[in-house]
1. Could you sort the peptides 22-29, 159-166, 98-105 by per-residue average Cβ neighbour count (10 Å cutoff), highest mean leading?
2. Please state the shape class of the range 61-118: rounded when a/c is under 1.5, otherwise prolate if a/b exceeds b/c and oblate if not, all from the C-alpha gyration tensor.
3. Can you list which of the GluC sites (Glu not before Pro) found in the range 90-174 are DSSP loop residues with at most 12 other C-beta atoms within 10 Å?
4. Subtract the Cα-Cα distance of HIS99 and LEU70 from 0.36 nm times their separation in residues, and report this length gain in nm to one decimal.
5. Over 31 Å apart: what share of the alpha carbon pairs of the chain falls there, rounded to a whole percent?
6. Among the lysines, which fall within straight-line cross-link reach of LYS167, defined as a Cα-Cα distance under 22 Å, with same-chain neighbours fewer than 8 residues apart omitted?
7. How far is helix 79-88 tilted, in degrees, relative to the longest principal axis of the Cα atoms in the chain, given as a value from 0 to 90 rounded to the nearest 10?
8. Just the number: Rg to Rh for the range 49-152, Cα atoms, Kirkwood Rh, two decimals.
Amino acid sequence: MDTLGYITENAVVPDVAIIGAGPAGLMAAEVLGAAGICVAVYDAMSSVGRKFLRAGIGGLNITHSEEYSLFCSRYGGYQHALRLSLEYMPPNEIINWVHGLGITTFVGSSGRIFPEMMKAAPLLRAWLRRLAGYKVEFYLRHRWLGWDSQGCLYFEHPNGNLVIKPKVTVLALGGAVGQN
């Protein structure tokens, strides 16, 4: 322990720390892990993808089968701002990604595309198996409190506090709004 009372001596310092274990954090971990980068994902919750699992309760709508330009037009005024993201991973690439996890899909009567099992949990489990193959590490129940005075990430967790200074930090906090 250093003079500030932080647990530091056994902490693995990753090249990249991702804060948030929802879909954005998991996708960032996948891209970085596949490139051979040492990645650690931190989340305040006790499990990953909690809102992803909630979204899949009634059937997980992965994307839509409609023509690409019509699909893009559904983003209205945000289409221009999202253009690069939509081009990077258009609907057919999302479907290929899901199939690459070993999950089969089908097109519903609405044109929406769903996993055959209609649940998010099998997809999340397959995704986590892929991330384990990249040696992505997860640190759950680690609540990020910000940066300390030396620019290190500061976490609170059940065994005390943790301070690390990765080369890069990715904030993937999409679901954090309004949480205590």
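1. Top of the packing list down: 22-29, 159-166, 98-105.
2. Oblate, because a/c is 1.5 or more while a/b does not exceed b/c.
3. Those that pass, being in a loop and sparsely packed, are GLU116.
4. On the way: separation 29, 0.36 × 29 = 10.44 nm, distance 2.34 nm.
So the chain would gain 8.1 nm between HIS99 and LEU70.
5. Value for the chain (Cα pairs over 31 Å): 24 percent.
6. Within reach: LYS135.
7. The helix 79-88 is inclined about 90 degrees to the chain.
8. Working: Rg = 17.1 Å, Rh = 16.1 Å.
On the Cα set of the range 49-152, Rg over Rh gives 1.06.
Every number here is computed from the coordinates shown, using simple stated rules; none is lab data. Keep in mind that this is a model prediction, so the values were computed, not measured. So basically every Cβ, Gly included, is an ideal-geometry build from the backbone, and we count neighbours across all protein chains shown.
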